[in-house]
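Before any comments, here is the structure.
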2 protein chains.
Amino acid sequence: MSEVLERIWQHQQISRVELVEHTGLTSGTITNLTHELIELKLIREFEAVSGNVGRRRVMLGFDPSLYRIIGLDIGRATLEIVVVDLNGKIIKTIERDMSDRKGPDDYFEVIDPLMNELKREIETAGHSILGLGAGVPGPMDYSAGSLLDPPNFPGWKGFPLQRTLEEKFGLVTLIEDDARTSAMAERWYGLGRSVQDLVFITMGIGIGGGVVHGGKIVRGTNGLCGQVGHMTILLDGKICDCGNRGCWETVGSIPGILSRWSGGNTMEQLKEAIRQGDAEALECMENTLGYLETALINVYNMYDPELVVLGGRLYPYLADYLLPVQNHLRSRLYAFAKDRLRIEPSTFGTSQSAVGAAALLFGFLLSEPVRLLALNDGA
Amino acid sequence: MSEVLERIWQHQQISRVELVEHTGLTSGTITNLTHELIELKLIREFEAVSGNVGRRRVMLGFDPSLYRIIGLDIGRATLEIVVVDLNGKIIKTIERDMSDRKGPDDYFEVIDPLMNELKREIETAGHSILGLGAGVPGPMDYSAGSLLDPPNFPGWKGFPLQRTLEEKFGLVTLIEDDARTSAMAERWYGLGRSVQDLVFITMGIGIGGGVVHGGKIVRGTNGLCGQVGHMTILLDGKICDCGNRGCWETVGSIPGILSRWSGGNTMEQLKEAIRQGDAEALECMENTLGYLETALINVYNMYDPELVVLGGRLYPYLADYLLPVQNHLRSRLYAFAKDRLRIEPSTFGTSQSAVGAAALLFGFLLSEPVRLLALNDGA
């Protein structure tokens with residue numbers, strides 16, 4: 001069943017005959033499995049016009065009618081909630097500024113009413129919620145379902161997020177580092193449909209990375225795989241909250257950039273100063289791009305991914321410079337690999353992590369559909 | 001058959017009853033499979049004393065009597081050939097200094113007579129050669145079985161090594177980047193028996209890395225995964241042969257270290273100068289260790305492996321400093337991960353890459369025993 005769902009995901013629409021070809025299962029088995037999946041409202045039939053002669057064929061695709069997934073991103077400055085259907089289409093987006101809030105109690109004052117209202121709304125409309133995913137600043141304690149001690153995120157150390165969400169909202173809940181949820185948004189709903197190895201880099205108040213290898217998230221032994229924000233960029237740089245010194249995050253994140261500029265306190269102000277040709281602002285941006293370039297060359301020489309995706313709240317301020325950065329990178333990469341360099345902006349902008357949090361549940365559905373539905377029946 | 005071989009490798013000695021338990025196969029199937037493997041001379045029975053009462057039990061292990069694997073390491077300054085049995089035991093080692101030789105023709109003048117003599121010797125003794133593995137400085141073109149354009153290794157650009165070895169010696173041949181062969185030596189015959197995620201760092205004339213994830217080598221999209229020697233350590237450092245600037249290799253390899261010291265031309269001389277308390281030599285070593293420390297913290301924050309193994313011809317000169325380096329590293333690592341830091345010296349010293357080259361064939365044997373034996377019968 002998992003294999004059939006994965007094929008449907010990959011092709012978005014596929015006929016039963018093609019499913020037989022791709023899976024090697026008998027047409028009887030495919031008929032039975034697809035019948036069951038249709039009954040479960042996970043997939044549906046629809047007619048599509050195919051080929052030159054315009055023959056109409058019965059195709060299969062995910063059924064967007066019944067199930068909804070909620071994705072939550074608990075960020076350092078913002079809260080974002082999305083509702084998606086089984087095609088990954090965003091049905092609803094809620095965003096709140098959290099920059100004056102601190103710690104779980106403060107956050108849940110905002111989250112609780114929003115989530116309860118959202119659940120009511122979805123259920124009233126006759127939809128069924130498959131589960132809840134949440135992205136948070138890492139690193140995390142996966143076995144406990146809690147946050148460890150994320151830099152720049154006071155009050156959350158050791159907070160049992162997974163259990164709290166489950167108990168509060170009664171939904172099947174998965175949580176993950178926000179760089180990894182962002183990577184999973186690309187993997188399942190974005191540029192990753194045909195890419196097995198990618199690195200997602202999210203740049204904002206912190207800098208994080210999500211590494212996908214062979215289509216799967218790589219967490220590492222301590223959950224630290226992909227902590228690209230904590231690679232050393234300045235050999236004798238300042239001490240970072242993580243314990244290392246000279247981390248990319250200390251100079252390349254939004255606070256890192258603004259700490260190197262005396263002309264203002266926001267990226268908007270820096271952008272404006274650059275537009276006006278302010279020398280200090282220009283130098284600050286030039287150094288920022290130099291750090292980014294060095295970090296990216298390290299990402300290539302360490303992971304060698306097929307695709308690097310850049311996102312996060314800082315990215316829009318760097319987007320205009322991406323082309324020259326890529327050209328510099330090419331000149332610094334092994335000659336034979338230059339032409340295969342591929343860097344893209346994230347597909348879902350500021351909703352990236354929340355969409356990816358929802359995608360965690362989609363991944364669960366693809367790998368263990370029966371178990372996820374049983375958990376839902378039990379919930 | 002592959003699963004049974006893998007269990008035997010993991011346990012080194014295992015009974016049929018334990019094989020049934022571990023694989024979930026029926027005892028009839030295990031009896032048949034082990035019978036076949038014994039007939040093929042891949043495994044053998046032997047008696048072992050087990051438990052408190054000293055009961056003798058029939059155990060199974062790899063059969064070291066018939067098969068031999070040849071491992072070749074084509075290095076920038078040395079050539080090494082090893083012969084191992086199916087337990088990974090080194091039967092014979094040949095080493096040649098190649099520092100006055102340049103390019104394939106020059107190298108094969110040495111390799112040809114050694115290999116031909118070795119083959120004769122093995123076959124005369126009644127052994128059968130399962131295959132030949134070779135490690136070379138990367139990066140490589142895997143589809144062509146050739147070297148790309150390895151830094152500091154003139155004359156080898158584009159050389160079709162795999163085909164040349166196969167044609168010259170008539171053996172099933174696998175080739176791989178020497179950092180990856182070194183990693184595979186640990187994986188199959190060394191510290192990796194119980195470790196799924198490790199990074200092997202080989203430091204010598206160049207610096208390379210071999211990344212093992214989930215027990216398997218990770219090559220990356222262009223074969224560049226694990227190019228730790230080409231991470232940027234000095235932001236505005238000198239241009240490296242790879243195209244990047246400030247690479248660890250430019251300051252941390254043997255030539256990199258010696259380029260920062262005016263008192264001599266060899267590591268032995270540097271070592272002696274340090275012993276005598278020469279200030280410049282001490283400073284050079286201090287900086288070397290600082291670069292190593294930074295490189296290792298990046299390896300942890302990027303890959304987060306269970307184990308880092310250090311090897312190569314430079315390593316013996318750094319071994320005495322490993323403890324303080326580890327202590328510094330702990331202070332720079334995320335607090336929760338400090339205690340799990342594990343850095344070990346390589347198991348096979350200067351033979352590491354050659355043993356790993358042989359291990360490539362052992363890996364092939366474990367995953368596709370029938371195919372490898374068939375290739376041998378056809379050869």
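Things worth noting here:
- Against the rule of thumb 2.2 N^0.38 Å, how large the Cα Rg of segment B:257-323 comes out: 1.23
- Label 7 Å beyond Cα on the Cβ vector: B:Ile91 copy-to-copy distances, nm: 6.7
- When Rg and the Kirkwood Rh are both derived from Cα coordinates, the Rg/Rh ratio for segment A:1-138 amounts to 1.12.
- Isotropically averaged projected area of chain B, using the convex hull of Cα atoms (one quarter of hull area), nm²: 21.7 nm²
- Cross-link reach is defined here as a Cα-Cα straight distance under 17 Å, omitting same-chain residues fewer than 8 places apart; for A:Lys119 the aspartates and glutamates meeting it are A:Asp73, A:Glu80, A:Asp85, A:Glu95, A:Glu109, A:Glu166, A:Glu167, A:Asp377.
- Rounded accessible area of A:Glu176 (nearest 10 Å², 1.4 Å probe): 10 Å²
- Of all accessible heavy-atom area on segment B:2-62, the percent that carbon and sulfur account for (1.4 Å): 46 percent
- Cβ nearest the rotation axis (A onto B), residue from chain A and distance to the nearest whole Å: A:Met302, 3
- Other copies of A:Asn116: label-to-label distances in nm, shortest first, labels 7 Å along the beta-carbon direction: 8.8
- Debye log10 I(q)/I(0) for segment B:274-379, one point scatterer per Cα, at q = 0.11, 0.15 Å⁻¹: -0.52, -0.78
- Chain B: relative contact order as a whole-number percent, Cα under 8 Å and 6+ apart: 17 percent
- Rounded to 10°, Cα long-axis angle of helix A:369-378 versus longest principal axis of chain A: 90 degrees
- Calculated on alpha-carbon atoms, Rg and Dmax of segment B:196-346 in Å: 15.3, 48
- Computed from the Cβ-Cβ distance with R0 of 56 Å, the FRET efficiency linking A:Arg55 to B:Glu6 stands at 0.65.
- Relative to the longest principal axis of the Cα atoms of chain A, the long axis of helix A:2-11 lies at roughly 70 degrees.
- Chains B and A together bury some 3900 Å² of accessible area, summed over both sides, with a 1.4 Å probe.
- Computed with a 1.4 Å probe over protein heavy atoms only, the accessible surface of chain B comes to 40 Å² per residue.
- Residue with peak Gaussian network fluctuation, chain B [Cα springs, cutoff 10 Å], from B:Pro255, B:Pro160, B:Pro324: B:Pro324
- Convex hull projection area averaged over all views, segment B:2-62, Cα basis, nm²: 3.9 nm²
- Taking the DSSP beta bridges with both ends in the protein assembly as shown, the antiparallel portion is around 65 percent.
- Nearest-10 value in Å² for the accessible area of B:Trp261, using the 1.4 Å probe: 20 Å²
- Sorted largest first by accessible area at a 1.4 angstrom probe radius, with every protein chain in place, the residues B:Leu148, B:Leu171 fall in the order B:Leu148, B:Leu171.
- Values of log10 I(q)/I(0), in the order q = 0.12 Å⁻¹, for the protein assembly as shown under a Debye, Cα-only, solvent-free model: -1.41
- Surface accessible to a 1.4 Å probe, A:Arg7 within the full protein complex, Å²: 60 Å²
- Heavy-atom SASA rank of A:His127, B:His230 (probe 1.4 Å, accessible area, largest first): A:His127, B:His230
- Inter-site label distance for B:Asn87 and A:Glu286 at 7 Å from Cα along Cβ, in nm: 6.5 nm
- Degrees separating the helix A:178-189 axis from the principal Cα axis of chain A, which is the longest one: 40 degrees
- Accessible-area ranking of A:Arg68, B:Arg342, B:Arg163, largest first, probe 1.4 Å: B:Arg163, B:Arg342, A:Arg68
- In terms of distances greater than 26 angstrom between alpha carbons, the cross-link table entries A:Lys92/A:Lys271; A:Lys157/A:Lys238; A:Lys89/A:Lys271; B:Lys102/B:Lys168; A:Lys157/B:Lys338 yield A:Lys92/A:Lys271; A:Lys89/A:Lys271.
- The other copies place their A:Phe46 label points at 6.5 nm from this one, listed shortest first, where each point is 7 Å from Cα along Cα→Cβ.
- Residue among B:Gly214, B:Gly311, B:Gly252 with the largest mean-square fluctuation in a Gaussian network model of chain B, springs linking Cα atoms under 10 Å: B:Gly214
The values are calculated or read from the model by the stated rules, or taken from the named source; none is laboratory data. Please read all numbers here as calculations on a predicted model, not as lab measurements. Virtual Cβ from ideal backbone geometry, glycine too; neighbours counted across all protein chains shown. These accessible areas exclude ligands, DNA and RNA; they are computed on the full protein's heavy atoms, side chains included. Shrake-Rupley method; radii C 1.70, N 1.55, O 1.52, S 1.80 Å.
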